[in-house]
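Chemist: Got a structure for you, questions after.
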Amino acid sequence: MATTATPAETREPLADAKWWREAVVYQVYVRSFADANGDGIGDLAGVRARLPYLRDLGVDALWFNPWYPSPLADNGYDIADYRSIDPALGSLAEAERLIAEARALGVRTIVDIVPNHISNEHPWFRAALASPAGSPERERFWFRPGAGDDGELPPNGWQSIFGGSAWTRTDHTGAEWYLHLFAPEQPDLNWTHPDVWAEHEDVLRFWFDRGVAGVRIDSAALLVKDPQLAEETADSAPGEHPYMDRDTLHDIYRRWRAVADSYEEPRVLVGEIWLPDPDRFARYLRPDELHTAFNFDFLACPWEPGAMRTSIESALAAHAPVDAPATWVLSNHDVTRPVTRYGRADTSFAFESRRAGTPTDLARGTRRARAAALLAMALPGSMYIYQGEELGLPEVEDIPVERRQDPLWRRSGGLDPGRDGCRIPLPWTGDRPPYGFSRDGAERAWLDQPDDWAPLTVAAQSEDPTSTLALYREGLRLRRSVPWSGDGGLRWLPSSDAVLAFARGDLFACLVNFGPDPVELPPGADVLIASNVLEGGALAQDTTVWLRQAAPDPVRQNRTKGRDDEAHS
Ligand code: GLC
């Protein structure tokens, strides 16, 4: 496998207004990225110092998880002030410098916007609690009288996504309850209220004016609620669920798109949308709404050729009519790290079935995660990389109870292991914690790093041409230069059931072997990159290879049914 990197200085940013269609976006979880001031918490100074690492990795944009002042009831997704930076992470001036410095290196910035809920310490919610029932301050939220003779029961049976009722009583004598689809410290906003619309449009402009290239919209399909607060039913028709995927949401995003489009370099809207129905999902990506949304179907898909092919086909088919690019996502700060998940008997991901302590073969998981990464890089559309994915970090599962932070763990009574295990501080260098995350002698990191991560540090992997980091660097470098055209379609090639094989353009092909039998490569093809060693020139199990076809389109000669095989993004 070749490892020569293009000199970083010569890398051009994706220049045109459609850069987002094929961008590689790197997700920065600031608290765990790099700690410059030695308090055990990652910070903006740490990110600024590591910008060359991100440029050299070959990413086009950085998405920052919420960096705003927050009481951290949900690790920053409970925002107390949308126009400022958490002092533990830095200052607004420093964020502005970071945005500008990244851009000077050819890397754009995307910030996280949380419109469904705010922190219970946000001035709006404090004012609401201090005001009586029926006051204008309470109308920005969902305050309702309780059910039961004395209002002692929640207004309805909605359940919080973090467990328990979605309602909390204001106090034990108060007649009212308020809605929170997540933790009680995250009261839901009332999106029928004009203040809520105006405030968010202003927040968008605030960050767009500071040079950010776009926003990632948290819980984007949950904002609008049924004003009647009807109970959930198992079989609600599309658009009829009381708090998910309701049609008025599209009016909000059309307004936001107009704001984004009003900039000389139009800003980009990326939705966090967990919806099982690909066609409902794609409605958010119509030309006057969001630009892209995370493809969680691919993220959750088991490592099986049939399921993977179906997931890829259905994503491309759903995106084509709205002319939006698909996104390819293998992980984020909410889900089990891929090397762990792919090393288990059940390789799919679902919040409902996530359990700690499942037997895991990490070597196998790592092999598969590498193959999945090269597959994702080869697909038409844009790609997301969650920090540490490029290092092949595993999920940390043995976090002591007293060190756990995630409300998901607490509110599920420990049934759900929570998300702390994928949020462990990155290992940069050295042979013991904090592995260069903080300087020596710094405070203990906010989550402990394992003792056996020395081989996974950036420094160690940079020395090793077979490392996962080397694979990501080389794969992303090649992704900019391979002989395919933009985000045009892919064409499936004939293959056995254990293999996924597709072409893009006439010269490029990607093969993934899921099965135990080695697969011979087509004669005359050059290997551009492989996720693992090719044994005797053949593709072993759980390996992906990129090929440059020798002759123009030998692939077409193999095709059996003309354009029926084509899938376009
Ligand atoms: C999103 C975030 C998650 C957060 C939740 C509530 O799903 O990715 O981390 O807990 O929204 O804001």
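Chemist: Considering only protein heavy atoms and a 1.4 Å probe, what is the carbon-and-sulfur percentage of the accessible area of region 399-543?
Modeler: Carbon plus sulfur share of accessible area: 50 percent.
Chemist: Which of Val59, Val339, Leu521 sits closest to the plus end of the dipole of the chain, meaning its Cα is farthest towards the positive end, when Lys and Arg get +1 and Asp and Glu get -1 on the C-beta?
Modeler: Farthest along the dipole direction, towards plus: Leu521.
Chemist: Oh, and also: For Met383, which sequence-distant residues (separation of 5 or more, or a different chain) have an amide H within less than 5 Å of its own amide H, given hydrogens modelled in the peptide plane?
Modeler: Here Ala23, Val24, Val25, Trp328 satisfy the definition.
Chemist: Kindly provide the pair-distance distribution of region 251-351 built from C-alpha pairs, with 10 Å bins from 0 and whole-percent values in order of increasing distance.
Modeler: Percent of Cα pairs in each bin: 15, 42, 29, 12, 2.
Chemist: How long is the gain from Ala234 to Arg439 if the chain were fully straight, where each residue apart is worth 0.36 nm and the alpha carbon distance is subtracted?
Modeler: 68.6 nm
Chemist: Further question: Gain in length, Ala550 to Asp526, computed as 0.36 nm per residue apart minus the alpha-carbon separation, to one decimal in nm?
Modeler: My answer for the length gained is 8.0 nm.
Chemist: Apply the Karplus parameterisation 6.51 cos²θ - 1.76 cosθ + 1.60, with θ equal to phi minus 60°, to every residue of region 360-369 and state each ³J(HN,Hα) to the nearest whole Hz, in sequence, with x for glycine and proline.
Modeler: Result, rounded to whole Hz: 9, 9, 5, 5, 5, x, 5, 4, 5, 4.
Chemist: Run the simple label-point estimate for Phe206 and Arg480 please: 7 Å along Cα→C-beta, distance reported in nm.
Modeler: Placing both labels 7 Å along Cα→Cβ, they lie 3.4 nm apart.
Chemist: Something else about it: Which value in Å does the Kirkwood hydrodynamic radius of region 184-241 take, with 1/r averaged over all unlike C-alpha pairs and then inverted?
Modeler: It is 14.0 Å.
Chemist: At a Förster radius of 35 Å, what calculated FRET efficiency corresponds to the Cβ-Cβ distance of Arg83 and Glu139, to the nearest 0.05?
Modeler: Calculated value: 0.95.
Chemist: While we're on this one: Amide H neighbours of Leu189 under 5 Å, counting only residues 5+ apart in sequence or on other chains, H built in-plane at 1.01 Å?
Modeler: Amide H neighbours of Leu189, under 5 Å, 5+ apart: His117, Ile118.
Chemist: Using the charge dipole of the chain (Lys, Arg: +1 at Cβ; Asp, Glu: -1 at Cβ; taken about the Cα centre), state which of Ala95, Leu129, Leu447 has its Cα farthest towards the positive end.
Modeler: Looking along the dipole axis, the top candidate is Ala95.
Chemist: Across region 469-483, in residue order, what do the Karplus-derived ³J(HN,Hα) couplings come to in whole Hz, using 6.51 cos²θ - 1.76 cosθ + 1.60 with θ = phi - 60° and x for Gly and Pro?
Modeler: 4, 4, 4, 5, 4, 6, x, 5, 5, 5, 4, 7, 10, 5, x
Chemist: Right, next: Given a 1.4 Å probe and every protein chain left where it sits, what share in percent of the accessible area of region 67-186 is carbon and sulfur?
Modeler: Looking at region 67-186 in its full context, I get 55 percent from C and S.
Chemist: Report, in debye and to the nearest 20, how large the dipole of region 189-320 comes out about its Cα centre when Lys and Arg carry +1 and Asp and Glu carry -1 on their Cβ.
Modeler: 360
Chemist: What does the convex hull of the alpha-carbon atoms of the chain project to on average, in nm²?
Modeler: Its Cα hull, projected and averaged over all orientations, spans 25.9 nm².
Chemist: Going 7 Å from the Cα of Asp195 in the Cα-to-Cβ direction, what parts of region 134-149 have a backbone nitrogen less than 13 Å from that spot?
Modeler: 134-143
Chemist: Right, another one. How would you order 413-425, 433-445 from highest to lowest mean count of nearby Cβ atoms within 10 Å?
Modeler: Top to bottom by mean Cβ count within 10 Å: 413-425, 433-445.
Chemist: Right, something else. Work the Kirkwood hydrodynamic radius out for region 432-490: mean of 1/r over every pair of different alpha-carbon atoms, inverted, in Å.
Modeler: 14.3
Chemist: Also: Could you state the number of Å between the C-alpha centres of region 106-157 and region 201-232?
Modeler: 15
Chemist: Kindly provide the helix-only [θ] at 222 nm of the chain, computed as the sum of -39,500 (n - 2.57) over DSSP H runs of four or more divided by all residues, to the nearest 500 deg cm²/dmol?
Modeler: -7000 deg cm²/dmol
Chemist: Based on the mean of other beta carbon atoms within 10 Å per residue, what is the order of 469-478, 140-149, 394-403, most packed first?
Modeler: 469-478, 140-149, 394-403
Chemist: Still on this model: So what J values fall out for region 33-39 if you push phi through Karplus, 6.51 cos²θ - 1.76 cosθ + 1.60 with θ = phi - 60°, rounded to Hz, Gly and Pro as x?
Modeler: Coupling constants for region 33-39: 8, 7, 9, 8, 9, x, 9 Hz.
Chemist: Still on this structure, I have one more. Which far-off residues, 5 or more places away or on another chain, put their amide H under 5 Å from the one on Ala221, with H placed in the peptide plane?
Modeler: Trp274
Chemist: What is the helix-to-structure angle for 249-261, meaning the angle in degrees between its Cα long axis and the longest Cα principal axis of the chain, kept from 0 to 90 and rounded to the nearest 10?
Modeler: 70
Chemist: Using +1 on the beta carbon of Lys and Arg, -1 on that of Asp and Glu, and nothing else charged, what's the dipole of region 65-180 about the Cα centre, debye to 20?
Modeler: The dipole of region 65-180 has a size of about 380 debye.
Chemist: When ranked by the protection proxy of mean other Cβ atoms within 10 Å per residue, highest first, what sequence do the peptides 371-381, 155-165, 50-60 form?
Modeler: Result, highest mean Cβ count within 10 Å first: 371-381, 50-60, 155-165.
Chemist: Relative to the Cα centre, what is the charge dipole magnitude of the chain, using +1 at the beta carbon of each Lys and Arg, -1 at the beta carbon of each Asp and Glu, and rounding to the nearest 20 debye?
Modeler: Charge dipole of the chain: 1300 debye, to the nearest 20.
Chemist: On to the next question. Which one of Pro155, Leu469, Ala73 has its Cα pushed farthest toward the positive end of the charge dipole of the chain, where Lys and Arg give +1 and Asp and Glu give -1 at the Cβ?
Modeler: Leu469
Chemist: Then there's this: Distance between the C-alpha centers of region 486-518 and region 312-388? Whole Å please.
Modeler: First find each Cα centre; the distance between them is then 18 Å.
Chemist: Give me the 1.4 Å probe accessible area per residue for the chain, excluding ligands and nucleic acids, in Å².
Modeler: 38
The values are calculated or read from the model by the stated rules, or taken from the named source; none is laboratory data. Not measured: the values here are computed from a predicted model. Cβ sites come from the backbone with ideal geometry, for glycine too, and all protein chains shown count toward neighbours. Protein only, heavy atoms only, side chains kept; ligands, DNA and RNA dropped before computing areas. Shrake-Rupley method; radii C 1.70, N 1.55, O 1.52, S 1.80 Å.
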